[in-house]
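Enquirer: Quick one: this structure, given as structure tokens, is what I'll be asking you about.
The values are calculated or read from the model by the stated rules, or taken from the named source; none is laboratory data. Predicted model only: the values in this text are computed from it and were never measured. Cβ placement follows ideal geometry from the backbone for every residue including glycine, while neighbour counts extend to all protein chains displayed.
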Amino acid sequence: MPSNTWFLPPDFTFLPDGAIALGRVIPDPARPTATLASLGPHSENPTIALPATKSLVEKGRAFSAEKIRSFGFELLAKFLELASANGTADVSWSRNKSFGAVDHEVRTLDGAFAPAALRAITRLEEVRRHIDSGRFGKRCVYIVSGLRVAVDSFTVTDERASKVSGSVGGSGPVPAGAAPVEVGGGVSGAREDTGSRSYETAPGIVFAYRLHVIRPKGQGNVEGEIFSDRAAFLTGEEAAEGEEEVELVAVDVDTARNDLDLEPDAFSDEQKLAKNEQGDEESYVYFNP
């Protein structure tokens with residue numbers, strides 16, 4: 001089940017066999033602990049077969065990502081009370097998050113879901129209730145198809161900075177009491193705030209999780225879904241009355257944003273990571289607070 005996109009959990013406190021586990025069916029990528037159903041031999045649905053689990057250890061994995069935004073705009077002359085004025089302002093902020101080097105155990109569902117298994121998942125009571133509750137038609141459900149588990153504790157460092165700068169220049173009459181005053185030259189200034197915090201995680205926690213989505217067949221943009229493998233995951237079964245054909249597709253930010261029942265602003269841009277031990281480039285997604 002190839003996919004190169006990982007999602008970071010809300011915090012680094014979850015154990016891989018607890019609230020976030022392989023085979024969990026969830027309603028929303030941003031809520032990995034909101035379980036609709038659990039699959040696998042030791043779950044409440046042992047008859048729904050999962051693909052085999054593959055596990056490997058990647059040594060000394062360290063990740064970091066930086067996000068920068070800047071907004072520039074022209075100040076209004078009327079707001080400045082200048083007859084003739086020009087002004088600029090720039091508001092920028094940056095966030096750099098880094099994770100200390102540690103061995104990661106990568107657990108994934110290795111292979112395709114059987115058509116009968118996909119259909120059985122969509123017929124589970126809680127899953128079906130969620131699918132039928134959409135505002136814009138049938139809703140999607142998500143399956144945790146991969147876990148990246150930090151074998152030992154690691155350090156998380158979060159650095160944030162913001163800067164506001166501006167300049168004003170102009171000439172013309174400025175109302176000052178009853179007498180107009182000519183202004184020439186210009187004024188500029190800036191303010192910058194920075195902050196940093198770091199902490200140590202517990203060992204053996206979920207660093208990130210990978211998702212596949214079960215959704216109505218044909219939903220979304222085929223060309224844009226570079227991580228999809230539709231041929232392997234279409235059910236191929238004729239839907240029962242009142243049901244739609246479904247497909248299983250790997251999830252990245254664009255795929256999640258195609259789900260109209262999710263909040264589009266919940267997802268940040270994908271951040272690229274270093275290549276893994278197999279030479280494949282990976283990325284991760286964190287959720288906006």
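Enquirer: Among the numbered criteria (1) modelled with pLDDT of 90 or more; (2) hydroxyl-bearing (Ser, Thr, Tyr); (3) part of a loop (DSSP other than H, G, I, E, B), which single criterion is violated by Thr108?
Expert: Result: Thr108 passes all but (3).
Enquirer: So Arg191 ticks every box in (1) in a helix (DSSP H, G or I); (2) among the charged types (D, E, K, R); (3) at pLDDT below 80 but one. Which box is left unticked?
Expert: Result: Arg191 fails condition (1) only.
Enquirer: Over 25 Å from Glu282 (Cβ atoms), modelled with pLDDT of 90 or more and in a loop (DSSP other than H, G, I, E, B), is that true of Thr35?
Expert: Against the criterion (over 25 Å from Glu282 (Cβ atoms), modelled with pLDDT of 90 or more and in a loop (DSSP other than H, G, I, E, B)), Thr35 qualifies.
Enquirer: Check off (1) in a loop (DSSP other than H, G, I, E, B); (2) closer than 29 Å to Glu125 by Cα; (3) at pLDDT 85 or above; (4) not aliphatic (A, V, I, L, M) for Trp6 and give me the number that stays unchecked.
Expert: (1)
Enquirer: Just to check your reading of the model, which residue among Pro32, Pro10, Pro16 is surrounded by 21 or more Cβ atoms within 10 Å (Cβ to Cβ) and on the phi < 0 side of the Ramachandran plot?
Expert: Pro32
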